[in-house]
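The values are calculated or read from the model by the stated rules, or taken from the named source; none is laboratory data. Source: prediction; values computed, not measured. Note that we place each Cβ from the backbone using ideal geometry, even for glycine, and neighbour counts take in every protein chain shown.
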Amino acid sequence: MTATEFPIPEAAAAALREAAAVTVLTGAGVSAESGIPTFRDALTGLWAHYRPEELATPEAFARDPALVWGWYRMRRELVARAAPNAGHDALAELERRVPDFTLVTQNVDGLHRRAGSARVVELHGNILRARCSHPGCAAAGTPLERWDEPAAGDAPPRCAACGAGLRPDVVWFGEALPADALAAAARATRRCDVFLSIGTSNVVEPAASLPWLAARGGATVLVVNPSAAGQQTGPRIHHLLGPAGRVLPALLRAAWPAPVG
Ligand code: BJW
């Protein structure tokens, strides 16, 4: 272990080394070291100047589509400038080492795929896509990856099929998560030997219930977060209290030490 290496309890390293099935849940904290603010940091978080219900609900979009579209446009630009960090890279590497691996993410930034993760389940959609906001539109189920961006402050672009405004292809409060994604996440959580919960405040359901589901199924749960606030505790739950970009590479090195010589 180097002087700056993050200390990993042997029980956590051994559980990961011996696991045939690993499921990971990530939240905004895993992208913090890529320069993307989390949601609930009181000073710098994405909601520092607004209340969530002013931006991340269907009602907010109906009330002020230009405001909501502009907030997502700002975040898309931030994501486009960001790059995956050492935490994303370590998870892509973990996928290559574990036979049955699923990465469930609440994040909408696409950074896991850009880091090389393939088995990714997006619970809350992706801000790089948009779709028609009119539920009855024939095109509403077909997300777009390109559109003509309006001038800053203008209303969202129009759906070519029905003329309604486009909206980000994300899941807002009060909306159902994509059923296939949620079912895949629950299946992977029930069958895993190790469940990693990384960089999430655990306040948003149904994602917040996944670590409990894993623990009830007998999995070892590893929580990676600089803060223990709001995190699950229990006999098979280990807390690795540090930033994902430091903890995850150290966890992989502890689980699979490089041969000496
Ligand atoms: C680091 C770090 C570093 C910092 N390294 N870590 C009970 C049961 C079921 C539902 C509910 C329920 N009670 C209430 C509900 C409803 C609601 C809900 O959960 N509300 C709570 C606030 C109470 N849930 C919903 O509405 C969901 N839908 C639903 O339940 O539908 C039911 C339904 C069924 C059928 C028909 C209709 C409806 C939908 C939830 C959608 C959430 N959407 C958002 C926005 C997505 C789009 C966007 O990005 O704008 O998702 S909200 C926001 O929160 C976003 C995130 O994915 C989500 C979670 O946040 P996250 O990732 O945890 O971020 P933070 O900022 O909170 O935490 C960051 C963490 O990182 C912190 O812990 C830091 O310490 C840590 N950190 N640096 C590691 N370097």
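Go through segment 185-228 residue by residue and tally those that are of a type outside the set (A, V, I, L, M, F, W, C), assigned to a strand (DSSP E or B) and away from the ligand (no atom under 13 Å from the Cβ).
Initial filter on segment 185-228 (of a type outside the set (A, V, I, L, M, F, W, C)): 187, 189-191, 193, 197, 199-202, 205-206, 209, 211, 216-218, 220, 225-227.
So of that shortlist, the ones also assigned to a strand (DSSP E or B) come out as 197, 220.
Narrowing further to those that are away from the ligand (no atom under 13 Å from the Cβ): 220.
Here the count works out to 1.
Determine, yes or no, whether A62 is more than 13 Å from the ligand (Cβ to nearest atom), within 22 Å of N225 (Cβ to Cβ) and either at pLDDT 95 or above or part of a helix (DSSP H, G or I) (or both).
Values: more than 13 Å from the ligand (Cβ to nearest atom): yes; within 22 Å of N225 (Cβ to Cβ): no; either at pLDDT 95 or above or part of a helix (DSSP H, G or I) (or both): yes.
Taking the combined requirement at face value, the residue does not satisfy it.
Between a first residue in segment 225-237 that is free of Cβ contacts under 8 Å to residues at least 24 places away in the same chain and a second residue that is part of a strand (DSSP E or B) and surrounded by 15 or more Cβ atoms within 10 Å (Cβ to Cβ), which pairs have beta carbons less than 7 Å apart while being 6 or more apart in sequence or on different chains?
Partner pairs satisfying both residue conditions: A228/H239; R236/T220; R236/V221.
Could you name every one of the strands (runs of 3 or more DSSP E) located completely within segment 72-141 that has at least 2 residues being closer than 18 Å to L251 by Cβ and modelled with pLDDT of 95 or more?
Working: elements: 100-105, 120-122, 125-132.
Hits in segment 72-141: 100-105.
For segment 158-184, which positions are of a type outside the set (F, W, Y) and assigned to a loop (DSSP other than H, G, I, E, B)?
Let us first name the residues in segment 158-184 that are of a type outside the set (F, W, Y), namely 158-171, 174-184.
Within segment 158-184, C159, A160, A161, C162, G163, A164, V171, G174, E175, A176, L177, P178 qualify.
Is at least one residue of segment 87-108 within 30 Å of A214 (Cα to Cα), crowded, with 21+ Cβ neighbours inside 10 Å and acidic (D, E)?
no
Anything in segment 147-161 that is surrounded by 15 or more Cβ atoms within 10 Å (Cβ to Cβ) and either over 27 Å from T105 (Cα atoms) or touching a Lys or Arg at 6+ places or on another chain (Cβ under 6 Å) (or both)? List them, or say none. Break it down stepwise before answering.
Applying the first criterion (surrounded by 15 or more Cβ atoms within 10 Å (Cβ to Cβ)) to segment 147-161 yields 150, 156-159.
Matches in segment 147-161: P150, P157, R158, C159.
Quickly run through segment 79-102 and pick out the residues that are within 14 Å of the ligand (Cβ to nearest atom) and among the aliphatic types (A, V, I, L, M).
V79, A82, A86, A90, L91
Please name all residue pairs, on different chains or six or more residues apart, with Cβ atoms under 9 Å, provided the first residue is in segment 166-188 and is without any contact (Cβ under 8 Å) to a residue 60 or more places away in the chain and over 19 Å from T102 (Cβ atoms) and the second residue is within 9 Å of the ligand (Cβ to nearest atom) and among the β-branched types (V, I, T).
D169/V108; D169/I127
Mind checking which residues of segment 22-46 are farther than 12 Å from G245 by Cβ and outside any loop (DSSP other than H, G, I, E, B)? Break it down into steps so the answer makes sense when it comes.
Taking segment 22-46 as the starting set, the residues that turn out to be farther than 12 Å from G245 by Cβ are 22-28, 36-46.
Across segment 22-46, the qualifying residues are V22, T23, V24, L25, T26, A28.
Identify all residues within segment 89-143 that are among the hydroxyl-bearing types (S, T, Y), touching a residue at least 24 places away in the same chain (Cβ under 8 Å) and over 18 Å from A183 (Cβ atoms); write none if there are none.
Answer for segment 89-143, where residues must be among the hydroxyl-bearing types (S, T, Y), touching a residue at least 24 places away in the same chain (Cβ under 8 Å) and over 18 Å from A183 (Cβ atoms): S117, S133.
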